[in-house]
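*Asks:* Sharing a structure, written as structure tokens. Questions coming.
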Amino acid sequence: MAEEPRYENLTVRREGHIAVVTFNRPAKANALNHAHLADIEAVALAFREDAATRAVVFTGAGRHFSSGADLSPGAPGRNPAPGLLERRRLARIGERATLAVYDMDQITIAAWNGAAMGGGAVLATAMDFRIGAEDCFMQYPEIDIGVNLMWKGLALIARLAGPARAKRLVVGGERLQAPQLAEWGVLDAVVPPAKLTETALAWARRYAAKPPIAAQMIKRSVNAIVGVTDGAVMHMDVDQNLLAAGTEDRNIAATAYREKTLGGAEEAAPPQFKGN
């Protein structure tokens, strides 16, 4: 086997026909900056020519699966590009990473520890199965900072949870804990945190033991059936995000969100949006 590529923001280990990919920025709760997303895209594409690996488990180092896009000042990829064309291309790295994971031939399993927020939730829903620890949770906070959900994530969660529940999550910004995630069909199993890795690997071994040609063709066919309209409907979510990001309401929402997050201003008056 060729030498394993080295990645700055994730690790890969192998066990027979199974690989485990671990997001490895625990000090940042595995927040997804441009470089981290590029690593996720690269590792997913690296499995394209890998016929030996039949199942891949994704998980997060530390307490959380992924806290979503890295919004900290100075994060790679956070400095705005001077032109709209450049900004549009930079913004598509999350979409590329998500689609690379979604299009993998191997059976993919999220071993979901702690938070999967925003883009982290998108990546989890792009996988075939999700095993959640009892303390895991999901939230899409994009609405509360005045932008739409990108990375093809809306189609993914609408398929899993249904249209009304997807609206509760993405428009309402509700935070769901493990029991409700299982009830809504987002999680396939809920286990104690100490059993998470063991259970995810057991699922991986079960699927890796199936005839790989049939298993991988079935997976791709199911994805094609349920995602037949995705390209027609979701091809402009980056452009929608860029439009929303330039609005007055975005600035109002982002300021209110920062103040609440940093100052704990629970008693502050709610922001007044103008539709501008």
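*Asks:* What's the total number of residues in region 182-222 that are under 18 Å from A155 (Cβ atoms) and either in contact (Cβ under 8 Å) with a residue 12 or more places away in the chain or surrounded by 15 or more Cβ atoms within 10 Å (Cβ to Cβ) (or both)?
*Replies:* Qualifying residue count for the region: 5.
*Asks:* Mind listing whichever residues of region 80-114 are among the small types (G, A, S), surrounded by 24 or more Cβ atoms within 10 Å (Cβ to Cβ) and farther than 17 Å from W203 by Cβ? Lay out the reasoning, then the answer.
*Replies:* The first filter runs over region 80-114 and keeps only residues among the small types (G, A, S), leaving 81, 83, 91, 94, 97, 100, 110-111, 114.
In the following step, the residues that additionally are surrounded by 24 or more Cβ atoms within 10 Å (Cβ to Cβ) were identified as 94, 97, 110-111.
Listed by number, the residues that qualify are G94, A97.
*Asks:* Is it true that A31 is over 15 Å from the mean Cα position of the chain (by Cα) and of a type in the set (G, A, S)? Outline the logic, then answer.
*Replies:* Details: over 15 Å from the mean Cα position of the chain (by Cα): no; of a type in the set (G, A, S): yes.
The answer is no for A31.
*Asks:* Hey, another quick one. Return the residues of region 229-250 that are farther than 13 Å from N148 by Cβ and small (G, A, S); say none if nothing qualifies.
*Replies:* Within region 229-250, G231, A232 meet the criteria.
*Asks:* Taking region 233-251 only, how many residues are touching a residue at least 12 places away in the same chain (Cβ under 8 Å) and either closer than 25 Å to Q272 by Cα or among the charged types (D, E, K, R) (or both)? Talk me through it step by step, then tell me what you get.
*Replies:* Within region 233-251, the first condition is being touching a residue at least 12 places away in the same chain (Cβ under 8 Å), and the residues that meet it are 233-234, 237-242, 244-245, 247-251.
Checking the rest, the ones that are also either closer than 25 Å to Q272 by Cα or among the charged types (D, E, K, R) (or both) come to 237, 239-242, 244-245, 247-251.
Final tally of qualifying residues: 12.
*Asks:* Has region 246-254 got at least one residue that is in contact with a strand residue (DSSP E or B) (Cβ under 6 Å, 6 or more places away or on another chain), of a type in the set (S, T, N, Q) and either over 28 Å from T59 (Cβ atoms) or surrounded by 14 or more Cβ atoms within 10 Å (Cβ to Cβ) (or both)?
*Replies:* Among the residues of region 246-254, not one is in contact with a strand residue (DSSP E or B) (Cβ under 6 Å, 6 or more places away or on another chain), of a type in the set (S, T, N, Q) and either over 28 Å from T59 (Cβ atoms) or surrounded by 14 or more Cβ atoms within 10 Å (Cβ to Cβ) (or both), which makes the answer no.
*Asks:* Just one of A42, A31, A55, A69 is at pLDDT below 95, out of contact with any Pro (no Cβ under 7 Å at 6 or more places or on another chain) and among the hydrophobic types (A, V, I, L, M, F, W, C); which is it?
*Replies:* On the way: A42 fails: at pLDDT below 95; A31 fails: at pLDDT below 95; A55 fails: at pLDDT below 95.
The match here is A69.
The values are calculated or read from the model by the stated rules, or taken from the named source; none is laboratory data. These numbers come from a predicted model, not from an experiment. Glycine also receives a Cβ, built like all others from the backbone with ideal geometry; neighbour counts cover every protein chain displayed.
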